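Here the structure is laid out as structure tokens; the discussion comes afterwards.
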């Protein structure tokens, strides 16, 4: 989604000459809503890195970003920003990280 958002921003600015059009991408982790209600067996590391958020926490972040009148990427919780580092890694390193993740979920 982030790459699609960045692509949209570039296209609006350079292809359509619309630099004043603002976009906001919201990437929350789990929320305390019925959609995520079935995720009871969440590993401890996952709960630590991406705690379940209250909807009003996400709403506050969105309103704050919109008040700035700038394009934004809202990633919540903040620890999730570390995972975007994986985009810059070679493919073998990403594969290894996901293999470790799969192995930890199997136990």
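Quick look at the values:
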| item | result |
| --- | --- |
| Mean Cβ count within 10 Å, highest first, over the residues of peptides 71-82, 11-22 | 71-82, 11-22 |
| Pairwise label distance in nanometres, residue 91 with residue 24, each label 7 Å out on the Cα-Cβ vector | 3.7 |
| Where labels lie 7 Å past Cα in the beta-carbon direction, separation of residue 57 and residue 78 in nm | 1.2 |
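Bear in mind that the values in this text are calculations on the coordinates, not laboratory data. These numbers come from a predicted model, not from an experiment. Glycine also receives a Cβ, built like all others from the backbone with ideal geometry; neighbour counts cover every protein chain displayed.
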